[in-house]
Amino acid sequence: MTLPESVNIVEVGARDGLQNEPKVSLEAKVSLIDSLSQSGLRYIEAGAFVSPKRVPQMADSDRVFSNIQRRPGIIYSALTPNVRGLEAALEARADEIAVFASASESFSQNNIHCSIAESLARFEPVIALAQQHNIKVRGYLSCVADCPYEGATSPNMVADIAKAMYDLGCYQISLGDTIGSGTPLRIANMIEAVSARVSLSDLAVHFHDTYGQALANIYQALTMGIDTIDSSIAGLGGCPYAPGASGNIATEDVIYLCHGLGIDTSVDLNTLVQASSAICKALNRVPQSKITLAQILHQ
Ligand code: HMG
Ligand code: MG
């Protein structure tokens with residue numbers, strides 16, 4: 001078994017994490033992103049240009065982008081479901097964007113109000129316009145293990161849509177276990193099916209931790225050669241259209257795992273733990289990260 005020498009962390013806490021919180025001030029968002037920028041993270045998803053009626057928590061993403069202190073070398077990205085979202089992201093000077101589709105029809109309808117085929121067609125002009133502006137486009141694919149409405153997803157379906165997104169121009173496909181119910185064997189089967197169509201080096205994993213399997217699933221993905229991991233500070237997160245889904249795996253816990261395995265991440269764990277404690281204080285919430293909890297208890 002070989003593990004990657006280094007991994008890229010995609011920090012999604014300020015978007016996936018905060019999109020699920022009842023109320024977060026602009027100051028708390030900006031302060032979170034600024035402290036994450038000090039930690040050595042190189043990729044921070046800072047907001048989403050989606051319908052403010054559907055996800056009001058992201059409605060101030062333009063102000064988030066204009067108030068953060070950008071550090072050279074860090075990519076600050078945003079979710080953009082359509083051309084309107086991309087235009088707002090360009091205005092906000094997002095460095096990269098992400099489109100998002102689902103491997104299940106019901107989740108697609110609930111999350112973005114269209115079929116999978118319609119969503120892929122909608123991405124075409126988004127990707128074309130992004131490319132004209134030299135903006136790279138990442139692709140999220142949700143429900144790669146299970147759908148909250150339809151149950152188990154077929155690995156071949158995941159592979160087909162991942163390949164379609166890649167062919168449309170997404171440089172990387174982030175495989176999302178949206179409701180966090182996957183286990184290592186099923187995740188391995190899914191990654192095997194997808195990697196027959198899209199190269200492992202163009203895949204990332206995005207695991208919510210509802211059933212406590214995310215770290216085991218990440219380890220599984222690492223052993224198969226995946227070296228980009230999405231995670232969320234303090235384990236914040238969830239999707240408003242995935243009932244019962246809890247947060248993403250905590251970034252602190254992924255960093256601890258990787259360093260323990262001798263894998264380089266570029267990230268300073270202590271700085272992360274401080275950022276995690278600060279955002280949890282602002283949200284009046286207990287961190288979901290085992291590492292942050294352990295470190296707070298030892299202080
Ligand atoms: P629609 O619902 O089909 O309807 O939108 P629409 O196109 O007629 O737009 C509805 C309203 O939104 C209209 O306003 C539009 O003008 C406006 P109204 O006329 O009612 O006043 N609108 C916009 N406003 C701002 N920015 C825009 C925009 N587009 C339309 N870009 C749409 C389709 C996709 C836009 C909508 O359904 C939507 O925004 N959905 C939200 C989806 C979302 O953000 N979900 C959470 C993120 S995905 C996720 O968490 C999963 C992930 O983490 C991976 C994983 O875990 O699996 C990525
Ligand atoms: Mg997610």
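The values are calculated or read from the model by the stated rules, or taken from the named source; none is laboratory data. Because the structure is a prediction, the values reported are computed rather than measured. Methodologically, a virtual Cβ is constructed for each residue, glycine included, from the backbone with ideal geometry; neighbour enumeration extends over all protein chains shown. All accessible areas refer to the heavy atoms of the entire protein, side chains included, with ligands and DNA or RNA removed. Shrake-Rupley method; radii C 1.70, N 1.55, O 1.52, S 1.80 Å.
Values for this structure:
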| quantity | calculated |
| --- | --- |
| Filter pass, Leu18 being in contact (Cβ under 8 Å) with a residue 24 or more places away in the chain, in a helix (DSSP H, G or I), over 30 Å from Met224 (Cα atoms) and within 16 Å of ligand 2 (Cβ to nearest atom) | yes |
| Pairs, first among the aliphatic types (A, V, I, L, M) and within 9 Å of ligand 1 (Cβ to nearest atom) in region 117-144, second modelled with pLDDT under 95 and not in a loop (DSSP other than H, G, I, E, B), C-beta under 6 Å, six or more apart | none |
| Residues located in region 140-168, provided they are small (Gly, Ala, Ser), in a loop (DSSP other than H, G, I, E, B) and open to solvent by less than 10 Å² (accessible area, probe 1.4 Å) | Ala145 |
| Total residues in region 28-63, condition basic (Lys, Arg) and in a helix (DSSP H, G or I) | 2 |
| Filter result (more than 19 Å from Leu168 (Cα to Cα) and either in a helix (DSSP H, G or I) or in contact (Cβ under 8 Å) with a residue 12 or more places away in the chain (or both)) within region 106-116 | Ser106, Phe107, Gln109, Asn110, Asn111 |
| Of all residues in region 169-203 being touching a residue at least 60 places away in the same chain (Cβ under 8 Å) and in a loop (DSSP other than H, G, I, E, B), the one that is surrounded by the most Cβ atoms within 10 Å (Cβ to Cβ) | Thr178 |
| All positions within region 93-115 that are open to solvent by less than 50 Å² (accessible area, probe 1.4 Å) and over 20 Å from the mean Cα position of the chain (by Cα) | Ser106, Cys114, Ser115 |
| Cross-chain or 6+ apart pairs with Cβ under 7 Å, region 50-79 first and over 18 Å from Leu26 (Cβ atoms) and among the basic types (Lys, Arg), then in a helix (DSSP H, G or I) and open to solvent by less than 50 Å² (accessible area, probe 1.4 Å) | Arg71/Ser37 |
| Residues of region 136-150 satisfying the condition of being more than 17 Å from Asp209 (Cα to Cα) and not hydroxyl-bearing (Ser, Thr, Tyr) | Lys136, Val137, Arg138, Gly139, Glu150 |
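Let's see how each residue does on (1) among the aromatic types (Phe, Trp, Tyr); (2) within 16 Å of ligand 1 (Cβ to nearest atom):
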{"residue": "Gly212", "(1), (2)": "no, no"}
{"residue": "Ala221", "(1), (2)": "no, yes"}
{"residue": "Tyr241", "(1), (2)": "yes, yes"}
{"residue": "Gly247", "(1), (2)": "no, yes"}
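The rows are residues; the columns are (1) within 16 Å of the chain's Cα centre (by Cα); (2) of a type in the set (Gly, Ala, Ser).
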residue	(1), (2)
Glu11	yes, no
Arg15	yes, no
Gln19	yes, no
Ala28	no, yes
Leu36	yes, no
Arg42	yes, no
Phe49	yes, no
Met58	yes, no
Asp62	no, no
